Amino acid sequence: MGSGPLLIKGARIIDASSGMDQVGHILVVDGKIAAVGQVSQDQVPDGCQTIDAAGLVACPGFIDLHCHLREPGFEFKETIASGTRAAAKGGFTSICAMPNTEPPIDNAAVVDFLRFRSQAEASVKVFPIACVSKGRLGRELSEMEELASAGAVAFSDDGDPVYDATLMRLALAYSLDLGLPIIDHCQDLSLSGNGVMAEGAVASRLGLDGIPAAAEESMIARDIALAQLTGGRLHLAHISTAGSIHLLRQAKDRGLRVTAEVCPHHLTITDQWVLGGVGKDAGAAGPFSYDTSTKVYPPLRTQRDVDALVQALAEGVIDCIATDHAPHDATSKQCTYEEAAFGISVLETALGSTMQMVHQGSLGLADLVHSLTVGPAGVVGPAFDGLASLNTGTPADIALFDPDLEWVVDPQEFQSQGKNTPLAGVTLRGQVVATFVDGKMVYQSETSKTGAAS
Ligand code: DOR
């Protein structure tokens, strides 16, 4: 289907930007939303494509503040083409690419490269995040102003923290003038040491080095102190512990400009999955233990942490869900747990796994949509103006999903080159049916191809 006029009929329309949650229609003309809710027959142009969306949810396309497209430098793990196809399949229409590439995104030429490659190859909109420090080496500040002018929407040394507190202070001070957030990967490296999973009973049982929650929390505390000192815009990447939420809550109560994201895996699975997964052999080490696809930074935590994260998301203390999509080649994961790379391939399972919270009654469906659309857009600001709403005249970036469809995760069916998911073989409930960018269908599920579009 091209980008001619399109009518999505009879969907449950959820637009967190306007508070709309009602069954109705969406008319798209010239790649923009032409009407939403009620659409009269005389508004519909001749030859308009129609999608019968009864029983489906239509909402603004999802926005991901945190994914790793690996290009340039690590095309054997992912490319802009494969990563954005995965995004489209996951319902994402705008994604931010982290700069831990080779070369890293630390100068305007690499930002330009990413923009040109995305124009040629990408299925969805790609927004570059540039490095805080030159070469991601943590010593000298990157040319932040030049990078912002070239199109960077935020700054991060993700994969590594900004370890030097004075450098972080400077970056936060500049973030004020630039109006763009500093996204920190909070990890005290001296505390995380050689750790490969969360410190605790499961790590002890498996004989693996643990990472204490304090490795994340102490860095968050430092960053919050620096945000207070500078008044800068701090965004906390992938927070994962109950203690981190406590710090975030306090910072927000004090009126600081601090925001935070949480990943689907930290909301839904625990360190038990390193032992063998829930529903497998939950009690003791066995054939399912040491699955390297569970190795991620921050590590999978306890049920207590998961419960606290879900509650904080529902209360709006955590601003948004971000995937931290971290695809890896097979060799990086087919090795011992110690040797394996950190990271999970998430874009294609994000909706299905986070819908678990909705089906369990711990998060409203509209709140989930909020945390995937308006929430992330609000963190970055102007670059996403109009991309998280279905208002008339805004770009027709739309996700259409079946909230109840059950499916079994098969990584071999991923569009992503990264097959590294602990969810292989797991049944999820909730699946993207189609994704539109500027009114053009960039993804349609196999099951929906047999009927809905006419
Ligand atoms: O598990 C992770 N993998 N966490 C990060 O912060 C970086 C990422 C990667 O780039 O592989």
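The values are calculated or read from the model by the stated rules, or taken from the named source; none is laboratory data. Keep in mind it's a predicted model, so treat the numbers as computed, not measured. Backbone-built Cβ (ideal geometry, glycine too); neighbour counts: all protein chains shown.
Can you tell me which residue in the stretch 222-232 is nearest to Y163 (Cα to Cα), limited to those that are away from the ligand (no atom under 16 Å from the Cβ) and crowded, with 24+ Cβ neighbours inside 10 Å? Don't jump to the end; show me each part of the working.
Filtering the stretch 222-232 for residues away from the ligand (no atom under 16 Å from the Cβ) gives 222, 224-232.
Okay, now just the ones that are also crowded, with 24+ Cβ neighbours inside 10 Å, so 227, 232.
Working: A227: 15, G232: 17 Å.
Step by step, filter the stretch 222-232, then rank; the result is A227.
Among the residues of the stretch 295-310, those that are within 16 Å of the ligand (Cβ to nearest atom) and either surrounded by fewer than 22 Cβ atoms within 10 Å (Cβ to Cβ) or within 17 Å of the chain's Cα centre (by Cα) (or both) comprise V296, Y297, P298, P299, L300.
Among all positions in the stretch 407-424, there is at least one residue which is of a type outside the set (D, E) and in a strand (DSSP E or B).
All of D324, D329 fail the test of being of a type in the set (D, E, K, R), touching a strand residue (DSSP E or B) at 6+ places or on another chain (Cβ under 6 Å) and at pLDDT 95 or above, apart from D324. Which numbered condition in (1) within 11 Å of the ligand (Cβ to nearest atom); (2) buried (at least 19 other Cβ atoms within 10 Å of the Cβ) is the only one that F342 fails? For F342, the failing item is (2).
Residues in the stretch 14-27: is at least one of a type outside the set (S, T, Y), without any contact (Cβ under 8 Å) to a residue 12 or more places away in the chain and farther than 23 Å from H235 by Cβ? Steps first, answer last, please.
So in the stretch 14-27, the residues of a type outside the set (S, T, Y) come out as 14-16, 19-27.
Within this subset, residues satisfying the condition of being without any contact (Cβ under 8 Å) to a residue 12 or more places away in the chain are 19.
Then keep just the ones that are farther than 23 Å from H235 by Cβ; that gives 19.
For the stretch 14-27, residues of a type outside the set (S, T, Y), without any contact (Cβ under 8 Å) to a residue 12 or more places away in the chain and farther than 23 Å from H235 by Cβ: present.
When we screen D402, D438, D410 for residues that are surrounded by fewer than 24 Cβ atoms within 10 Å (Cβ to Cβ), charged (D, E, K, R) and either over 26 Å from S82 (Cβ atoms) or in contact with a Leu (Cβ under 7 Å, 6 or more places away or on another chain) (or both), the only hit is D402. Summed over the stretch 156-173, residues that are small (G, A, S) and within 16 Å of the ligand (Cβ to nearest atom) total 2.
For (1) within 16 Å of the ligand (Cβ to nearest atom); (2) more than 12 Å from G418 (Cβ to Cβ); (3) in contact with a Gly (Cβ under 9 Å, 6 or more places away or on another chain), each residue gets a yes or a no:
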| residue | (1), (2), (3) |
| --- | --- |
| T323 | yes, no, yes |
| P327 | yes, no, yes |
| T336 | no, yes, no |
| V346 | yes, no, yes |
| L351 | no, yes, yes |
| L363 | no, yes, no |
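Residues V426, V432: which one is hydrophobic (A, V, I, L, M, F, W, C) and without any contact (Cβ under 8 Å) to a residue 60 or more places away in the chain? Walk me through it before giving the result.
Numbers: V432 fails: without any contact (Cβ under 8 Å) to a residue 60 or more places away in the chain.
From the options V426, V432, the qualifying one is V426.
If G195 satisfies every condition in (1) farther than 20 Å from D112 by Cβ; (2) within 25 Å of the chain's Cα centre (by Cα); (3) away from the ligand (no atom under 16 Å from the Cβ) but one, which is the exception? Evaluating G195 over (1) farther than 20 Å from D112 by Cβ; (2) within 25 Å of the chain's Cα centre (by Cα); (3) away from the ligand (no atom under 16 Å from the Cβ) leaves (3) as the failure. For the stretch 48-95, a residue qualifies if it is among the polar types (S, T, N, Q), touching a residue at least 60 places away in the same chain (Cβ under 8 Å) and outside any loop (DSSP other than H, G, I, E, B), and the qualifying residues are Q49, T50, S82, T93, S94. Here V379, V358 are screened, and the one residue that is assigned to a helix (DSSP H, G or I), in contact with a Cys (Cβ under 8 Å, 6 or more places away or on another chain) and away from the ligand (no atom under 16 Å from the Cβ) is V379. Here T230, T259 are screened, and the one residue that is closer than 19 Å to V379 by Cβ, under 22 Å from the mean Cα position of the chain (by Cα) and at pLDDT 95 or above is T259.
Within the stretch 158-238, considering only helices (runs of 4 or more DSSP H) that don't extend past its boundaries, which have at least 3 residues that are more than 22 Å from D305 (Cα to Cα) and of a type in the set (G, A, S)? Spell out the reasoning first.
Numbers: elements: 165-178, 189-192, 201-206, 213-230.
Once the helices (runs of 4 or more DSSP H) in the stretch 158-238 are filtered for at least 3 residues that are more than 22 Å from D305 (Cα to Cα) and of a type in the set (G, A, S), what remains is 165-178.
Based on this model, can you work out whether R254 counts as over 26 Å from H359 (Cα atoms) and either more than 15 Å from the ligand (Cβ to nearest atom) or of a type in the set (S, T, N, Q) (or both)? Yes: the conditions hold for R254. The single condition among (1) assigned to a loop (DSSP other than H, G, I, E, B); (2) touching a residue at least 60 places away in the same chain (Cβ under 8 Å) that G386 does not meet is (2). Could you check, for the stretch 311-320, whether at least one of its residues is without any contact (Cβ under 8 Å) to a residue 40 or more places away in the chain, aliphatic (A, V, I, L, M) and more than 11 Å from the ligand (Cβ to nearest atom)? No, that holds for no residue.
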